[in-house]
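What follows is one structure encoded as structure tokens, with my remarks underneath.
The values are calculated or read from the model by the stated rules, or taken from the named source; none is laboratory data. Note that the structure is a prediction, hence the values are computed from the model and not measured. Note that each Cβ is placed from the backbone with ideal geometry, even for glycine, and that neighbours are counted across all protein chains shown. Protein only, heavy atoms only, side chains kept; ligands, DNA and RNA dropped before computing areas. Shrake-Rupley method; radii C 1.70, N 1.55, O 1.52, S 1.80 Å.
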Amino acid sequence: MTKPLPPQEASQPQQDAAPFAYATNLASQLGDISAKSKSLLAATLENLGRATEPLPYDPMDIAQAFTAFGMAWMKAPMQLMQAQAQWPVEYAKIWRNVWQRSADHDIEPHLKTANSDRRFRSDSWNNYPAFDLIKQTYLLIGQQLQSLVEDAPNLDSETRAKVDFFLRQYLSLASPTNFAATNPDVLRKTFETGGLNLLSGLGHMLDDMARGDGLIKHRAPPVFELGVNVAATPGSVIYQNDLMQLIQYNPSTETVHERPLLFVPPIVNKYYHFDLQPKSSFLKWLVDQGHTVFVISWVNPGPELAHKGLEDYIKEGPLAALEAVELATGAQKIDIASFCIGGTLTAATLAYLEGSGKRNPVASATLIATLLDFSSLGEFSVFLNERHRAALKKHLDQKGYLGSEDLTRLFATVRANDQIWSPLVTHYLMGEEAPPSDLLFWFADGAHISRDMLDQYTTQIVQGNRLREPGGLVIDGVALDLKKIKTPIHIVSMKDDHVAEWQNTFNGLSLFGGETQFLLGGSGHNAGTLSAPAAGKHGYWVNAKKTPKTAEAWFEGAEKQPGSWWPHWLKWVESVGTDKMVPARKVGAGKLKPIEPAPGSYVRVKA
């Protein structure tokens, strides 16, 4: 192991560039900071003059949880002393290990980071004893504090879950990677640039503070534009109502499958997650495989749509879209695919069609990363108690919708290291831009959710878990029962999904009354769906045997396949029922005429 990097080993800016160039760059940075400071002051004064909105959560609930945690240990002092007695022993092991590794770098660290933890991937954290000691000490403190939460006596499970979640948020914040003085890569960059990286980062931070949304903006070259290189699959809007526009894509093959395919995205994100750059676009790929593809583009609701609730989103969403697809194509049978909350709405729509006695035109339904049984909510459970719900209701009653920035903060908190602290290091400490990413461009283009929809979805489907109960949810006078659904169902999940954990989505198989299939893709909730065959990434798992009753048993008998799950899934869709090839359908050839070119106007409404 080499010795720590001293300042003199890093090149000085005066040695790498002319002093005049350095002084010019410094003056430019200082001028930029001055201008941005004035903008921040103006934004702050403007915000002070506005009425304060109620917070969408209750901060006192968090404080009370930690108070209860502290009281639990105060009542068991001897048990606490016994736990703490082992701490010096562990610190000694780290010191000894770091000393040994300084002489022989082949010795493994006493504490290792998880493979998924990318914060310490730089070699400097292992090659220099000082940083190795900082890293391992941080990991040990985290382990010790989390053990205290796990072992706290007489602490109820709900409070324990809250303390555990927010303790991990604090530990993520306190990581040595987040501070210039304890991050070797930031120190190196600072020596190399003469501190210009920190000045540039300060400018980035002032920009973010002036926006006032509490988010770290993803900074990358502005290379993406809607309708040009993302959401660019050719097509037209052929139907619209208050809640959605329906896009039909132009065919790219001479013949197409007789059954068209409707895609239902979630209401909390814009649809073009599935139509990013052409090379990774799921929707374009489906078109190129000879399918007539339609997609719902949800509205970005403001206060004028506060009254739109769960029933409206089902009737004006999937139900209206199915009717429009029939009018546009004349097809009597339609395949439907959906993602996340879009899948939950799709399942409710199928149950509604069966319960109402109306004709069900759906030949097959695919639910991607979709929860139907909300018995286990994972990380999100800490935000769903009565105190937080009361605060959220007060917030929604005043505003009429939950803003995209609040949703972004929620999802970012669950993946804080990737969504908050890694960008902080990149943009504020390193003073850098990130590489262009179509996925991050989409992620930053958020959408609101209306007051009544959020309230009803949260109380009835998430907390009440009524969709899984026969007759538990009533839509337009129709009691929904998933068991009545005989439509073949394919559930696709992602192995590293933090939003809809695959073991929980697997439980949805038992809720239906007909044929079911299950496939497990690699990667996470968003990235795992972007599995273009040409990329050959992620892989997927299938189990050809009769579906076991538990997720664990299914995975034990599953085999991993290389490449993309898309072709395997599409082969199943095309095998369901009877299908044939027909001449390609031109947009507007049916009873619905084009309204405007894709991607339409709804998707362009900014949050």
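Okay, here's what the table says:
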| quantity | calculated |
| --- | --- |
| Residues within the stretch 260-301 that are open to solvent by 10 Å² or more (accessible area, probe 1.4 Å) and part of a loop (DSSP other than H, G, I, E, B), tallied | 7 |
| Number of the condition not met by residue 195 [criteria: (1) surrounded by fewer than 17 Cβ atoms within 10 Å (Cβ to Cβ); (2) under 20 Å from residue 605 (Cα atoms)] | (2) |
| Which listed residue is open to solvent by 60 Å² or more (accessible area, probe 1.4 Å), modelled with pLDDT of 95 or more and in contact with a strand residue (DSSP E or B) (Cβ under 8 Å, 6 or more places away or on another chain), from 591, 580, 560 | 560 |
| Test: residue 115 is out of contact with any Ser or Thr (no Cβ under 7 Å at 6 or more places or on another chain), open to solvent by 50 Å² or more (accessible area, probe 1.4 Å), within 22 Å of residue 426 (Cα to Cα) and not in a loop (DSSP other than H, G, I, E, B) | no |
| Residues that are among the hydrophobic types (A, V, I, L, M, F, W, C) and at pLDDT below 90, drawn from the stretch 174-197 | 196 |
| Given (1) open to solvent by less than 30 Å² (accessible area, probe 1.4 Å); (2) of a type outside the set (Ser, Thr, Tyr); (3) at pLDDT 95 or above, number of the condition residue 524 does not satisfy | (3) |
| Of residues in the stretch 464-487 being in contact with an Asp or Glu (Cβ under 8 Å, 6 or more places away or on another chain), assigned to a loop (DSSP other than H, G, I, E, B) and of a type in the set (D, E, K, R), the one farthest from residue 361 (Cα to Cα) | 468 |
| Candidates 161, 220, 210 - the one that is outside any helix (DSSP H, G or I) and either of a type in the set (Lys, Arg) or touching a residue at least 40 places away in the same chain (Cβ under 8 Å) (or both) | 220 |
| Residue count for the stretch 321-335, restricted to those that are in contact (Cβ under 8 Å) with a residue 60 or more places away in the chain, surrounded by fewer than 19 Cβ atoms within 10 Å (Cβ to Cβ) and part of a loop (DSSP other than H, G, I, E, B) | 2 |
| Qualifying residue in the stretch 461-476 (condition: free of Cβ contacts under 8 Å to residues at least 12 places away in the same chain and of a type in the set (Lys, Arg)) | yes |
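The rows are residues; the columns are (1) modelled with pLDDT of 95 or more; (2) small (Gly, Ala, Ser); (3) surrounded by 24 or more Cβ atoms within 10 Å (Cβ to Cβ); (4) not in a loop (DSSP other than H, G, I, E, B).
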residue: 304; (1), (2), (3), (4): yes, no, no, yes
residue: 307; (1), (2), (3), (4): yes, no, no, no
residue: 314; (1), (2), (3), (4): yes, no, no, yes
residue: 319; (1), (2), (3), (4): yes, no, no, yes
residue: 337; (1), (2), (3), (4): yes, yes, yes, yes
residue: 342; (1), (2), (3), (4): yes, yes, yes, yes
residue: 360; (1), (2), (3), (4): yes, no, no, no
